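Asker: Before we start, here is the structure in question, set down as structure tokens.
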Amino acid sequence: MEEELERAKRDYYRLFVLINSLRWRDFLLNFMTEFIKRRNKGSFTIGYAFHPWIEGAKDRFQDLKSSLAINSVIDIDYSKYTKYLGATFDIMILDAMDDFRPNYISALSDSVRGGGVIVLYSDNIENNKLFKNSLIKDGKVDNFFEERFLQLAKNHEGVLVIDEKGESFKPLTQKVQRPVRNIPEDPHVDIRLHELCQSKDQNKALEEMRFILEGEDKRILAITAPRGRGKSSVTGLFLSFLVSEHKFDNIIVTSPTYLSAQEIFFFLVKGLETLGLKYKLTRSKDGKILGVASKGVIVKWLAPDLAKDYEGDLIIVDEAAALGLDTINYITSRWKKVVLVSTIHGYEGSGKAFVKYLNFLREKVKFKHVTLTFPIRYAQGDPVERFLYDVMLLDAEPKPRKVNEVKVTELDKQSLFKNEGLLRHYYGILVSAHYRNSPDDLMILGDLHYERIFAMGEIGIAQVVEEGRLSKSEINTILNGGQSSGNLIPQRLIKYERVYEFGFTKGWRVIRIAIHPDYQGKGYGSALLSEIVRIAKEEGLDWVGSSFTSDVKVLNFWIKNGFIPIYLSTRKNEGLNGYSIIIIKPLTDTAKKLSLHASELLREKVLRTAHQVYFNVNPLILANILRVLPKRSEKVEVPVEYKSKLEAYLSGYLPYNAVADAVHYIVSKYFSTAEDAFLNTTEEAVLIARTIQGKSWYHTSLYLDIKPRVAEEIMRGAIQKILERI
């Protein structure tokens, strides 16, 4: 191992050490002592990640520091790990005594530079871990993720495993290549910025990004790469070039959180300093950069909901795939100059749906796609990257398949996790169909005991989990603000809608359903779902449902298959950049009665609060929800004054604002009482956006990708139809 440490330092690749033993302290101190001995004190940085609030965690941290006589250790709270994603360490120690969570392992391992080591230690990675405990239901949980993790760790090169049976290590046999720069002979971008690049891919990207400046017309630039290729840092350097040239006055940077944009701002500042330009910073309360001003140019971070409507010259969208296609489409429709930066493979998600969207943009506007493939923090061929990609299936791709038989069968989870090829194939289907994925999803797939997995041949897969049949005491706990682990749908309806009787029912929640990319849109997903519903009915369940982040296409899939929306979250999930929707298909009379009641409550909630609670929801989402919800049976009487106002509006005698009260009245009546949705979805979305949500004509048109004038024409036509039918 000593020789391997020296070789890793020389060739700029990393090593991974997994300590899984009751003697973890001895093994950890022995390894760390050896590592420190081979490095000069003070010439390396150490990160230590843990949950400091759990009893004993701080004691372990202090014991390590005092035993090794080291003080310069950066302690990282797992719950705040995103703050450190731009930092670089020589050694990262992952305390897995209290938590063994894939997201933490993947993200923090990536912060270690070539020649460094990731050390994960635990007494037993399978038992009493925080994230895994959240998967326990009725005292049961599986270990398939951990078993596979240990097996792959022992089989991969560059990974040292220390457990009760001894040590296991395979040295690296393949060649690796350090990142090198390749500065153009006559660069358009200042050569000093090129010298800050760390790979030839970055040098090439820095020149190609000038595409956004060519011409005054609408242009969209996309920069994609696997994790760790330097896409955010080169974006920051390019911004410093734009500032130095004063190409724009007002530049906006947006991302899921301001923490994820810190790499861009760090290299923007570094570029300005290299160019000798003065600047002023705006910082958050925790010291992170939120804005940079230099040479009359302002570059500032804004949250996506604020950024999309901001008046600026250029917008940079970091980790664009994580924001969802609704938000990205809104931004690309509204802004004239857009730079989309996103991870293709990595712990943020696969971004495959995002890549499809880029192909759509290519046909629509002047567009350029820049890719980076060479890592900058470590050598190409780094064994730890390969291990993490394999163990977390970060680059899982479904294999091409011919449809011979599409029979739906239930997969045995243990067999699936022992068949690496099949697991990679099916997981690749799941990743391809969902824009937001994380390593945690693989642990959920492997360890959730009550989950059942259904496959349609080798072209489709669905994860289903049983929920409900709660006791009175469990229901009362939820009503009083408590939790019920593993009962997402019943809990939402009990806690937020106070439909407590729903807790007594039992059903299946479809966690994910996906079809191979080659066979999407051909009815296979509906066929798989239909079979799941049949089996559920056969097994005596009350309902089948699902919860997902609001998306027009996904919502329409469920509605098309006879599912009814019964819940829409009132708070946006910032991590997923959307509002959660729950849909259900009742299978028994009891479930039908309760779901009807819940859907009526949802209808009234949307109509009465969309101007406030649901103002930022895509009006197409609200239109598709409202058009399938049950209606009240009542005769509608339009006041004479309202009818006169509306006729004057249709004739052009009165403007919209003068008749808004009358429009609101008949629109509300339409969505409450019209048994047949005689308006089309676009007409309904215009009515909702302008009247129910209170958006301007301009913002209404942006959501629907039409001109404001067209939006009002659609409004007039819809009002005419309603008046004729009421």
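Asker: For the stretch 616-628, which residues satisfy the criterion of being in contact (Cβ under 8 Å) with a residue 60 or more places away in the chain and within 29 Å of Asp309 (Cβ to Cβ)?
Answerer: Passing the criteria: Asn616, Val617, Asn618, Pro619, Leu620, Ile621, Leu622, Ala623, Asn624, Ile625, Leu626.
Asker: Sticking with this structure for a sec: Can you tell me which residue is surrounded by the most Cβ atoms within 10 Å (Cβ to Cβ) among those in the stretch 181-231 that are under 26 Å from Leu361 (Cα atoms) and without any contact (Cβ under 8 Å) to a residue 12 or more places away in the chain?
Answerer: Looking at the filtered set, the residue picked out is Glu214.
Asker: Is it fair to say Val243 is within 23 Å of Arg178 (Cβ to Cβ), out of contact with any His (no Cβ under 8 Å at 6 or more places or on another chain) and at pLDDT 95 or above?
Answerer: no
Asker: May I ask you to list the residues in the stretch 520-571 that are free of Cβ contacts under 8 Å to residues at least 12 places away in the same chain and of a type in the set (Asp, Glu)?
Answerer: Glu538, Glu539
Asker: Quick test of your reading of the structure: Tyr426 fulfils all but one of (1) within 21 Å of the chain's Cα centre (by Cα); (2) surrounded by fewer than 21 Cβ atoms within 10 Å (Cβ to Cβ); (3) aromatic (Phe, Trp, Tyr). Name the failing condition by number.
Answerer: Here Tyr426 clears every test but (2).
Asker: Hey, could you check the stretch 345-371 for residues that are crowded, with 17+ Cβ neighbours inside 10 Å and in a loop (DSSP other than H, G, I, E, B) and say which is modelled with the lowest pLDDT?
Answerer: Tyr347
Asker: Cβ-Cβ distance below 9 Å, separation of 6 or more or different chains: which pairs start in the stretch 445-458 with a residue that is surrounded by 20 or more Cβ atoms within 10 Å (Cβ to Cβ) and end on one that is of a type in the set (Gly, Ala, Ser) and not in a strand (DSSP E or B)?
Answerer: Going by the 9 Å Cβ cut-off, the qualifying pairs are Leu448/Gly486; Met456/Gly525; Met456/Ala527.
Asker: Looking at the stretch 587-615 only, could you name the residues that are outside any helix (DSSP H, G or I) and under 30 Å from Pro304 (Cα atoms)?
Answerer: Answer for the stretch 587-615, where residues must be outside any helix (DSSP H, G or I) and under 30 Å from Pro304 (Cα atoms): Ala610, His611, Gln612, Val613, Tyr614, Phe615.
Asker: If you don't mind, there's one more thing I want to ask. Among (1) in a helix (DSSP H, G or I); (2) closer than 22 Å to Glu451 by Cα, there is one condition Asp518 misses while meeting the rest; what is its number?
Answerer: Unmet condition: (2).
Asker: Ok, one more. Can we say Arg632 is farther than 23 Å from Val464 by Cα, buried (at least 16 other Cβ atoms within 10 Å of the Cβ) and either more than 25 Å from the chain's Cα centre (by Cα) or in the same structural domain as Gly525 (by TED's automatic domain parsing) (or both)?
Answerer: no
Asker: Also: Tell me, yes or no, whether the stretch 671-687 has at least one residue that is part of a helix (DSSP H, G or I), more than 29 Å from Tyr567 (Cα to Cα) and out of contact with any helix residue (DSSP H, G or I) (no Cβ under 9 Å at 6 or more places or on another chain).
Answerer: Checking the stretch 671-687: not a single residue is part of a helix (DSSP H, G or I), more than 29 Å from Tyr567 (Cα to Cα) and out of contact with any helix residue (DSSP H, G or I) (no Cβ under 9 Å at 6 or more places or on another chain).
Asker: Shifting gears a bit: Determine whether the stretch 531-538 contains at least one residue that is surrounded by 19 or more Cβ atoms within 10 Å (Cβ to Cβ), β-branched (Val, Ile, Thr), within 30 Å of Ala610 (Cα to Cα) and assigned by TED's automatic domain parsing to the domain that holds Gly457.
Answerer: No, every residue in the stretch 531-538 fails to be surrounded by 19 or more Cβ atoms within 10 Å (Cβ to Cβ), β-branched (Val, Ile, Thr), within 30 Å of Ala610 (Cα to Cα) and assigned by TED's automatic domain parsing to the domain that holds Gly457.
Asker: Going by the structure shown, is Ser701 free of Cβ contacts under 8 Å to residues at least 24 places away in the same chain, assigned to a helix (DSSP H, G or I) and within 28 Å of Ser580 (Cβ to Cβ)?
Answerer: yes
Asker: Mind telling me which of the residues Lys83, Lys65 ends up being among the charged types (D, E, K, R), surrounded by 12 or more Cβ atoms within 10 Å (Cβ to Cβ) and either under 30 Å from Glu319 (Cβ atoms) or touching a residue at least 40 places away in the same chain (Cβ under 8 Å) (or both)?
Answerer: Residue meeting the stated conditions: Lys83.
Asker: Out of curiosity, is Leu442 surrounded by 21 or more Cβ atoms within 10 Å (Cβ to Cβ), out of contact with any Cys (no Cβ under 7 Å at 6 or more places or on another chain) and closer than 30 Å to Tyr519 by Cβ?
Answerer: Yes; evaluated as a whole, the condition is true for this residue.
Asker: With the condition being among the hydroxyl-bearing types (Ser, Thr, Tyr) and more than 25 Å from the chain's Cα centre (by Cα), I'd like the helices (runs of 4 or more DSSP H) fully within the stretch 165-268 carrying at least 1 qualifying residues.
Answerer: Values: elements: 191-194, 200-208, 231-245.
Hits in the stretch 165-268: 231-245.
Asker: Same structure again: Restricting to the stretch 252-291, name every residue that is closer than 22 Å to Lys336 by Cβ and buried (at least 21 other Cβ atoms within 10 Å of the Cβ).
Answerer: Listed by number, the residues that qualify are Ile252, Val253, Thr254, Ser255, Ala261, Ile264, Leu268.
Asker: Sticking with this structure for a sec: Have a look at Asn127, Asn71 and point out the one that is of a type outside the set (Ser, Thr, Tyr), within 24 Å of Val159 (Cβ to Cβ) and surrounded by fewer than 22 Cβ atoms within 10 Å (Cβ to Cβ).
Answerer: After applying the criteria, what remains is Asn127.
Asker: Oh, and also: Sort out which residues of the stretch 704-718 are within 12 Å of Pro619 (Cβ to Cβ) and among the small types (Gly, Ala, Ser), and write them in order of number.
Answerer: The answer is Ala711, and nothing else.
The values are calculated or read from the model by the stated rules, or taken from the named source; none is laboratory data. Everything numeric in this text was worked out from a predicted model, so none of it was measured. Here the Cβ is made from the backbone with ideal geometry for all residues, glycine too, and neighbour counts use every protein chain on show.
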